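The values are calculated or read from the model by the stated rules, or taken from the named source; none is laboratory data. Model, not experiment: these values are computed from the prediction. Note: ideal-geometry Cβ built from the backbone for every residue, glycine included; neighbour counts use all protein chains shown.
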Amino acid sequence: MGKSTGVSGGRGGSQHLHWRNFFSNGVLGGTVPIAVGMALAEKIQGRSSIAINFLGDGTMGEGVVYESINMASLWSVPILFVVENNRIAQTTPVELNLAGDIPSRFTAFGIKTTVLDSSDAIEIGSTAQQMMVEVRNESAPQSLVINTHRFGPHSKGDDTRDEDQIRAIRNSRDPIPLLAKSLTVEKIDSINEEVEDEVLKAFQAAVDDPFPEILT
Amino acid sequence: MTTILESLNLTLHDVLATDQRVVLLGEDILDPYGGAFKVTHGISTAFPDRTFTTPVSEAGILGVATGMALRGLRPVVEIMFGDFLTLLADQVINHATKFRFMYNDQVSVPLVIRVPMGGRRGYGPTHSQTLEKLFLGTPGLKVLAINNLTDPGQILFKAILHDDDPVLFVENKILYSQSILDENETSDFIITTYLSQNQSVSGLLADQYAPTLHLQLRDAPEPNLTITTYGYMAELCRQAALQLAYEDELFVDLVVITQLSPFTIDPIYKAVRRTHRLLVVEEGTYTMGWGAEILARSVENFGEEIYKIQRVAALDSPIPASRSLENAVLPDIEDIVHTVKMMV
């Protein structure tokens, strides 16, 4: 919303988030070497922190990705690459922009790779946790390729897929109803109420907050 | 007599010894080779844990260095040839120089990109260019270019240890083997140094540690033309100024810039309001270059105080490998002398 209290004081949008140790940018692949460098810096300063880098199937088209995973493996950098393969890049299905397969791209560089076909947060969480322990202990990179689906457009109105197809995917793969199955109706209602309240409050605060000062 | 190569090399040893946060990355920088131009010679032997010889991955190296800078280190990256800056443009323009601003000043990226630049060595179209013009005016990026009038080691030292923002540090290849001129060698000139008093230009400090020099002929009549230039062209302009004085009794002063971007026109104005004529000399191509910006600023700011203004630059052509063809493309002393004579 571009308000002064926004994550980057109005200078960044939804693509330019920074909070504590979380960074994002809007150029595909560009953050991959940066995450490798962050993890390498931690390693050579004798700290035990690791970096986690999120990529997608579309990012696999960027050359700098391969430069970066080469260096990550070459220098045994403690980093976990998480590839969200939702099978579509903006409007282009993966079949039209990716030859071969995603896991082989990492194993070719000697990076241990795990593949999940899941949108179960518990399953993904426990797998990722185990991998993070190994990345930290072995001080070496790993990759987690998660085959999943996209439920909405890339931006706002740019989803060219069939609506029935999207509905079917959402019905079978939406992680929130999957998680909700393990909860009672009362618990779900109270969570929904709490979330609704938090979002409304945040929205109202953002509406009320001033725009940033214009610097000259 | 310290050469520019020796000064840069000693400085790299010095900064690595001074500050544990300094790390060095680049292609073929390990001993015994010590880098394509030997600027990093001896570093990997003295500091093996902080010297990274890298794959041939310019964008990747720059990104890794940016990540290191975000996590408390002060990386120095050597790019083997300035021509390869095109390969890391995205990392410089969309990442390293954006982070401080777009993360609302919560982070800084102290990073120095050292790069040999320029022609006159017969390397041909893709290893001889003067490409810093592509990066000038990039918000968040300082572009410095060394010369043989100021010890470049001192500037590099401050860029690495004292500057918290990305710096593109341009080293003309011809300068490497040249000596830093001492007082005897520059005795024909009175040299004054211009450093801005913490003046902010586009959010970065102008000329804080990379001085602009004003060279005025000693015991000479009032100059009636100012040449402004940078890098190795400063040496050619210095020689042209002497030739013009001794052979033609034409007296010019020189304003030699070190910080190309961001910049302030003030030191050029100080000289031009006396001479009223400005010649801008650069090794980069003529069209849309550094000189075009200097001309534009001068016209905007100097008003009727400027009578004549012109540029000498390389032809708008790729740089041929053959020495005779290369010489025809790149500006030389003769071009400078000829243009000055046309202007006064």
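Is there any pair with a first residue in the stretch B:88-104 that is among the acidic types (Asp, Glu) and a second that is not in a helix (DSSP H, G or I) whose Cβ atoms are under 8 Å apart and which are 6 or more apart or on different chains, and what are they?
B:ASP90/A:VAL27; B:ASP90/A:GLY30
Check B:GLU283, B:GLU235, B:GLU293 and return the single one that is touching a residue at least 12 places away in the same chain (Cβ under 8 Å), surrounded by fewer than 24 Cβ atoms within 10 Å (Cβ to Cβ), over 19 Å from B:MET342 (Cα atoms) and in contact with a Gly (Cβ under 8 Å, 6 or more places away or on another chain).
On the way: B:GLU283 fails: surrounded by fewer than 24 Cβ atoms within 10 Å (Cβ to Cβ); B:GLU235 fails: in contact with a Gly (Cβ under 8 Å, 6 or more places away or on another chain).
After applying the criteria, what remains is B:GLU293.
Among (1) surrounded by 14 or more Cβ atoms within 10 Å (Cβ to Cβ); (2) part of a loop (DSSP other than H, G, I, E, B); (3) not basic (Lys, Arg), which single condition is A:GLY152 missing?
Evaluating A:GLY152 over (1) surrounded by 14 or more Cβ atoms within 10 Å (Cβ to Cβ); (2) part of a loop (DSSP other than H, G, I, E, B); (3) not basic (Lys, Arg) leaves (1) as the failure.
With B:VAL56, B:VAL64 as the choices, which residue is surrounded by 24 or more Cβ atoms within 10 Å (Cβ to Cβ) and in contact (Cβ under 8 Å) with a residue 12 or more places away in the chain?
One residue alone meets the criteria, B:VAL64.
Check every one of the strands (runs of 3 or more DSSP E) wholly within the stretch A:30-123 and list those with 2 or more residues that are away from every other protein chain (no Cβ under 13 Å) and among the charged types (D, E, K, R).
In the stretch A:30-123, A:112-117 are the strands (runs of 3 or more DSSP E) which contain 2 or more residues that are away from every other protein chain (no Cβ under 13 Å) and among the charged types (D, E, K, R).
Take the residues in the stretch B:18-45 that are within 14 Å of chain A (Cβ to nearest Cβ) and charged (D, E, K, R); name whichever of them is surrounded by the fewest Cβ atoms within 10 Å (Cβ to Cβ).
So, considering only residues that are within 14 Å of chain A (Cβ to nearest Cβ) and charged (D, E, K, R), the one surrounded by the fewest Cβ atoms within 10 Å (Cβ to Cβ) is B:ASP19.
Would you tally the residues in the stretch B:245-267 being crowded, with 24+ Cβ neighbours inside 10 Å and over 23 Å from B:GLN154 (Cα atoms)?
1
Criterion first (within 13 Å of chain A (Cβ to nearest Cβ) and over 26 Å from B:PHE99 (Cα atoms)) does B:PRO48 satisfy it?
Spelling it out, B:PRO48 is indeed within 13 Å of chain A (Cβ to nearest Cβ) and over 26 Å from B:PHE99 (Cα atoms).
Pull up the stretch B:74-107, narrow it to residues that are in a loop (DSSP other than H, G, I, E, B) and of a type outside the set (A, V, I, L, M, F, W, C), then point me to the one that is farthest from the other protein chains (Cβ to nearest Cβ).
Pass one, the stretch B:74-107, residues in a loop (DSSP other than H, G, I, E, B): B:79-81, B:97-98, B:103-107.
Subset that is of a type outside the set (A, V, I, L, M, F, W, C): B:97-98, B:103-106.
On the way: B:THR97: 12, B:LYS98: 8, B:TYR103: 4, B:ASN104: 4, B:ASP105: 8, B:GLN106: 6 Å.
Of everything passing the filter in the stretch B:74-107, B:THR97 is farthest from the other protein chains (Cβ to nearest Cβ).
Only residues that are surrounded by fewer than 19 Cβ atoms within 10 Å (Cβ to Cβ), more than 14 Å from every other protein chain (Cβ to nearest Cβ) and either of a type outside the set (Lys, Arg) or at positive phi (or both): list them for the stretch B:108-126, please.
Looking only at the stretch B:108-126, we keep the residues that are surrounded by fewer than 19 Cβ atoms within 10 Å (Cβ to Cβ), and these are B:108, B:120-126.
Checking which are more than 14 Å from every other protein chain (Cβ to nearest Cβ) leaves us with B:120-126.
If the condition is that a residue be surrounded by fewer than 19 Cβ atoms within 10 Å (Cβ to Cβ), more than 14 Å from every other protein chain (Cβ to nearest Cβ) and either of a type outside the set (Lys, Arg) or at positive phi (or both), then B:ARG120, B:GLY122, B:TYR123, B:GLY124, B:PRO125, B:THR126 are the ones that fit.
Within the stretch A:1-29, how many residues are touching a residue at least 40 places away in the same chain (Cβ under 8 Å) and either within 22 Å of B:LEU73 (Cβ to Cβ) or more than 7 Å from every other protein chain (Cβ to nearest Cβ) (or both)? Before you say what the answer is, go through the steps one by one.
Within the stretch A:1-29, the first condition is being touching a residue at least 40 places away in the same chain (Cβ under 8 Å), and the residues that meet it are A:1-6, A:9-11.
Adding the requirement that they be either within 22 Å of B:LEU73 (Cβ to Cβ) or more than 7 Å from every other protein chain (Cβ to nearest Cβ) (or both) leaves A:1-6, A:10.
Here the count works out to 7.
Within 30 Å of A:ILE79 (Cβ to Cβ), of a type outside the set (A, V, I, L, M) and in contact (Cβ under 8 Å) with a residue 60 or more places away in the chain, is that true of B:ASP19?
yes
Which numbered condition in (1) surrounded by fewer than 21 Cβ atoms within 10 Å (Cβ to Cβ); (2) modelled with pLDDT of 95 or more is the only one that B:VAL143 fails?
All conditions pass for B:VAL143, except number (1).
Could you check the stretch B:29-49 and list, in sequence order, the residues that are among the hydrophobic types (A, V, I, L, M, F, W, C) and in contact (Cβ under 8 Å) with a residue 24 or more places away in the chain?
Listed by number, the residues that qualify are B:ILE29, B:ALA36, B:PHE37, B:VAL39, B:ILE43, B:ALA46, B:PHE47.
From the residues in the stretch A:106-147 that are in contact with a helix residue (DSSP H, G or I) (Cβ under 9 Å, 6 or more places away or on another chain) and of a type in the set (D, E, K, R), which one is modelled with the highest pLDDT?
It comes out as A:LYS112.
Could you please find all residues in the stretch A:132-168 being of a type in the set (A, V, I, L, M) and closer than 26 Å to A:ASN53 by Cα? Give the steps one after another, and end with the answer.
If we filter the stretch A:132-168 for residues that are of a type in the set (A, V, I, L, M), which is where we start, we get A:132-133, A:135, A:140, A:144-146, A:166, A:168.
A:MET132, A:VAL133, A:VAL135, A:ALA140, A:LEU144, A:VAL145, A:ILE146 - these are the residues of the stretch A:132-168 that are of a type in the set (A, V, I, L, M) and closer than 26 Å to A:ASN53 by Cα.
Tally time: how many residues in the stretch B:147-162 are more than 18 Å from B:LEU24 (Cβ to Cβ) and either crowded, with 23+ Cβ neighbours inside 10 Å or of a type in the set (Ser, Thr, Tyr) (or both)?
3
Let's see how each residue does on (1) of a type outside the set (Val, Ile, Thr); (2) farther than 22 Å from B:ASN224 by Cα; (3) not in a helix (DSSP H, G or I):
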position: B:ARG297; (1), (2), (3): yes, no, no
position: B:ILE309; (1), (2), (3): no, no, yes
position: B:SER317; (1), (2), (3): yes, yes, yes
position: B:ALA328; (1), (2), (3): yes, yes, no
